[in-house]
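Asks: Quick one: the structure is below, and I'll ask about it shortly.
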Amino acid sequence: MVGNASDAALKSGTTVLLASEPLTASVHVMGGAPGTRETDLLAPDKSVAKIDALVLSGGSAFGLDACSGVVDGLRDQGRGFTLGPALIPLVPGAILFDLLNGGDKDWQDNPYRALGRAAFEDVSSDFSLGSHGAGTGALTAMVKGGLGSASFVLDSGVTVGALVAANPMGSVTTPGDRHFWAAPFEVDGEFGGLGPDSAVGLGRSLDSRKMQAMRALAADNDLPSERGNTTIAIVATDAALTKAECQRMATAAHDGIGRATVPAHAPGDGDLVFAASTGGRTLASAEAELGEIGHAAALCLSRAIARAVYCATPAENDLLPCWSPTQT
């Protein structure tokens, strides 16, 4: 289940992923500037076996407090790790930078704890994509970013899905902003059905409307061109995976960011992928099937990134336009 909470004036929000039971999870970070909470405990050698929820949020470092709102909600429901009389919900999270996107950031009290709690109260199997939750204020290099999701059911019956807040330094569209880098992986016209760009020699341009707009907003021509970004994602499966296998799934899924975003994994990006398993489907041979699961996760993540941009909607004081099929 996924829950979203947004603040239109803030141009930011939070997304939480929750299951009916605790999740086996791990993480892999490939960006140079991540912002995270409780990710160390997801390493395969750490003693914590399962976690209670995962959070993606806007707000840069302030947004990490969204995890606290989710912790509050879980504790009220009696969920968490028990240690004697203590009940401790475990909620790792990651953030993206959306502090220079035209929203009102002049708050007195950090709003993200409340957004986290609101997202927790909103969890459902039916949720909105585009300019919602952690994708509310997201921007790519050339057009608005957003929240995206995609999934596959493999021939084995295993389900693999991806959830992403796409706010990268790089572009999700080829020059001209009409075609998506992820077009070869599209399924059933889910992000416009326009197919791949027929041009060749692509990828060398690093043009960024986002950085131009952010510099103007900050009135600072020395704003580093690689700062203020990040693609944060969760890939999940019902296959019964260990923490080490989840980490391998997360590592493989990063290929999906690289195929859908150009460039990806930059020094100023905080690119991060969580991987989670509900454990509902036992594998005949995890070693044999893990490669296919990781590959499917990468494909889903590429599709989810494109869908995040495709589903974004305009709002007052936006710095960038939304994607449109009429772009040339």
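The values are calculated or read from the model by the stated rules, or taken from the named source; none is laboratory data. Owing to the predicted nature of the structure, the values given are computational and were not obtained by experimental measurement. No Cβ is skipped: glycine too gets one built from the backbone with ideal geometry, and neighbour counts run over all protein chains shown. Remember, those area values only see protein heavy atoms, side chains included, never the ligands or the DNA or RNA. Shrake-Rupley method; radii C 1.70, N 1.55, O 1.52, S 1.80 Å.
Asks: Determine, yes or no, whether Ala138 is crowded, with 24+ Cβ neighbours inside 10 Å and within 22 Å of Asp65 (Cβ to Cβ).
Replies: yes
Asks: Right, here's the next one. Here is a list: Gly161, Gly157, Gly137, Gly148. Which entry is in contact with a strand residue (DSSP E or B) (Cβ under 7 Å, 6 or more places away or on another chain), under 30 Å from Ala286 (Cβ atoms) and not in a strand (DSSP E or B)?
Replies: Result of the check over Gly161, Gly157, Gly137, Gly148: Gly157.
Asks: May I pose another question? Identify all residues within the stretch 141-172 that are open to solvent by 10 Å² or more (accessible area, probe 1.4 Å) and over 17 Å from His265 (Cβ atoms); write none if there are none.
Replies: Met142, Ser149, Ser151, Phe152, Val153, Leu154, Asp155, Ser156, Gly157, Thr159, Gly161
Per-residue answers, yes or no, for (1) modelled with pLDDT of 95 or more; (2) under 18 Å from Gly161 (Cα atoms):
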site	(1), (2)
Asn221	no, no
Ile232	yes, yes
Gln247	yes, yes
Arg259	yes, yes
Leu283	no, yes
His295	yes, yes
Ala298	yes, yes
Thr326	no, no
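Asks: Quick check on my filter: what residues within the stretch 267-278 are open to solvent by 40 Å² or more (accessible area, probe 1.4 Å) and in a strand (DSSP E or B)?
Replies: The answer is Thr278, and nothing else.
Asks: Scan the stretch 173-207 residue by residue and report those that are without any contact (Cβ under 8 Å) to a residue 12 or more places away in the chain and open to solvent by less than 30 Å² (accessible area, probe 1.4 Å).
Replies: none
Every residue, every condition in (1) open to solvent by 10 Å² or more (accessible area, probe 1.4 Å); (2) more than 20 Å from Leu139 (Cβ to Cβ); (3) assigned to a helix (DSSP H, G or I); (4) among the aromatic types (Phe, Trp, Tyr), yes or no:
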{"residue": "Ile232", "(1), (2), (3), (4)": "no, no, no, no"}
{"residue": "Ala236", "(1), (2), (3), (4)": "yes, yes, no, no"}
{"residue": "Ala244", "(1), (2), (3), (4)": "yes, yes, yes, no"}
{"residue": "Gln247", "(1), (2), (3), (4)": "yes, yes, yes, no"}
{"residue": "Ala250", "(1), (2), (3), (4)": "no, yes, yes, no"}
{"residue": "Ala253", "(1), (2), (3), (4)": "no, yes, yes, no"}
{"residue": "Gly256", "(1), (2), (3), (4)": "no, no, yes, no"}
{"residue": "His265", "(1), (2), (3), (4)": "yes, no, no, no"}
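Asks: What is the residue count in the stretch 93-134 for residues that are open to solvent by 10 Å² or more (accessible area, probe 1.4 Å), part of a strand (DSSP E or B) and more than 11 Å from Gly13 (Cα to Cα)?
Replies: Of the residues in that region, 1 qualify.
Asks: Could you tell me whether any residue of the stretch 289-310 is touching a strand residue (DSSP E or B) at 6+ places or on another chain (Cβ under 6 Å) and surrounded by fewer than 24 Cβ atoms within 10 Å (Cβ to Cβ)?
Replies: Scanning the stretch 289-310, I find no residue that is touching a strand residue (DSSP E or B) at 6+ places or on another chain (Cβ under 6 Å) and surrounded by fewer than 24 Cβ atoms within 10 Å (Cβ to Cβ), so the answer is no.
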